[in-house]
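Here's the structure we're looking at; comments come further down.
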Amino acid sequence: MEKTLETKPKISKKKSVSYAKWGYIFILPFFIAYLIFTLYPQITTIVYSFTEYYYVGTTAVGPNPYGFQNYVKLFTPDDNGTIMILQCLWNTIIMWVMGAVVQLLFSLLLALFFTSTRLNLKFTGFFKSVFYMPNLIMATAFAFLFFALFNPAGAINKMLLSWGWITESVDLVSTYTWSTRGLVAFMNFLMWFGNTTILLMAGIMGIDESLFESARMDGASSNRVFFDITLPLLKPILVYVLITSMIGGLQMYDVPQVLTKGEGAPNYTSRTIVMYLNSQLSGPKNYGLAGAIAVILFIVTGIFSIIVFKSISRKTE
């Protein structure tokens, strides 16, 4: 008998299409922009900090190898015995702390108030928009407004004179150290408390509601619920808020620059470290010294960020 040969049907092998490459293509523009506009300037800034590189008129001097001389120059006291970079760094930290502490406490209270299930407030979306609106106003516009209000010929002085509370105009902008610092801190508070409130509200709303219900059923007080449930579970958001706020605070520039007309009055007590950095670029254009200031600011920001992260995110038993 002849064996019948059965022909097996041919299975067409289609080439599978991989879409994994498209993910890399989509994120490629970010890395290109980061390399060109962030990483390359950072590397050149570090390199320039070890060089002698400045302008005399329109003539460039350098860049020439300079070692650590720029750093030595920054930490050398001037004729008045003041180390300007330390003075500016201290001014920056003081004004940031004055605004950030009040901002965080106030934003936390607002976030707890508007996310409370007991109160069950309505129109929370409207209030979020209202809180965030000051953040949309340019910092320079804020500074111009406060300068117009608090300078000797401003509305605040005229109002106090008409009420008889003062007998002559008071320069609250450039005469008293703590009034100038207070105005800068108050402006930063007004501009950023809304953004902080929204972030904290999002963090609280992300906590499982069953935890709060169980605590209330067990008879826990509101304070106990806040300190034992809300605050520990809100730590990741608090770390993010504090670190970003600190980075922004150390880079404070536009508000004190406009308010004090770039002078950091009185007696440089409101001059921030970024104002000091820009002063090296606007006049003598000393790129080497400005690069050293930027590197020091980067190191200080990194150290403070690590301290904040370690102190807040530390696990408790």
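The values are calculated or read from the model by the stated rules, or taken from the named source; none is laboratory data. Keep in mind the model is a prediction, meaning the values are calculated, not measured. Methodologically, a virtual Cβ is constructed for each residue, glycine included, from the backbone with ideal geometry; neighbour enumeration extends over all protein chains shown.
Listed residues T117, T140, T92, T82; which is within 30 Å of T260 (Cβ to Cβ) and touching an Asp or Glu at 6+ places or on another chain (Cβ under 8 Å)?
None of the others qualify; the one that does is T140.
If I filter the range 232-244 down to residues being among the aliphatic types (A, V, I, L, M) and over 15 Å from S116 (Cβ atoms), which single residue comes out as surrounded by the most Cβ atoms within 10 Å (Cβ to Cβ)?
The qualifying residue surrounded by the most Cβ atoms within 10 Å (Cβ to Cβ) is V241.
Do you know which residues across the range 115-137 are in a loop (DSSP other than H, G, I, E, B), among the aliphatic types (A, V, I, L, M) and free of Cβ contacts under 8 Å to residues at least 24 places away in the same chain?
If the condition is that a residue be in a loop (DSSP other than H, G, I, E, B), among the aliphatic types (A, V, I, L, M) and free of Cβ contacts under 8 Å to residues at least 24 places away in the same chain, then L119, L121 are the ones that fit.
Does E209 qualify as being in contact (Cβ under 8 Å) with a residue 24 or more places away in the chain, out of contact with any helix residue (DSSP H, G or I) (no Cβ under 9 Å at 6 or more places or on another chain), loosely packed, with under 14 Cβ neighbours inside 10 Å and among the charged types (D, E, K, R)?
Taking the combined requirement at face value, the residue satisfies it.
Going through L109, L104 one at a time, which residue ends up being surrounded by 11 or more Cβ atoms within 10 Å (Cβ to Cβ), within 20 Å of the chain's Cα centre (by Cα) and in the same structural domain as N188 (by TED's automatic domain parsing)?
Of the residues listed, the single one that is surrounded by 11 or more Cβ atoms within 10 Å (Cβ to Cβ), within 20 Å of the chain's Cα centre (by Cα) and in the same structural domain as N188 (by TED's automatic domain parsing) is L104.
Can you give me the ranges of the helices (runs of 4 or more DSSP H) entirely in the range 221-317 with at least 1 residues that are farther than 19 Å from L105 by Cα and basic (K, R)?
In the range 221-317, the matching helices (runs of 4 or more DSSP H) lie at 287-312.
Taking the conditions exactly as written (in a loop (DSSP other than H, G, I, E, B), touching a residue at least 60 places away in the same chain (Cβ under 8 Å) and assigned by TED's automatic domain parsing to the domain that holds D208), does V173 satisfy them or not?
Yes, satisfied.
Listed here are the residues, each with its yes/no results for (1) among the aromatic types (F, W, Y); (2) surrounded by 17 or more Cβ atoms within 10 Å (Cβ to Cβ).
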| position | (1), (2) |
| --- | --- |
| W22 | yes, no |
| I25 | no, no |
| N70 | no, yes |
| T76 | no, no |
| T92 | no, yes |
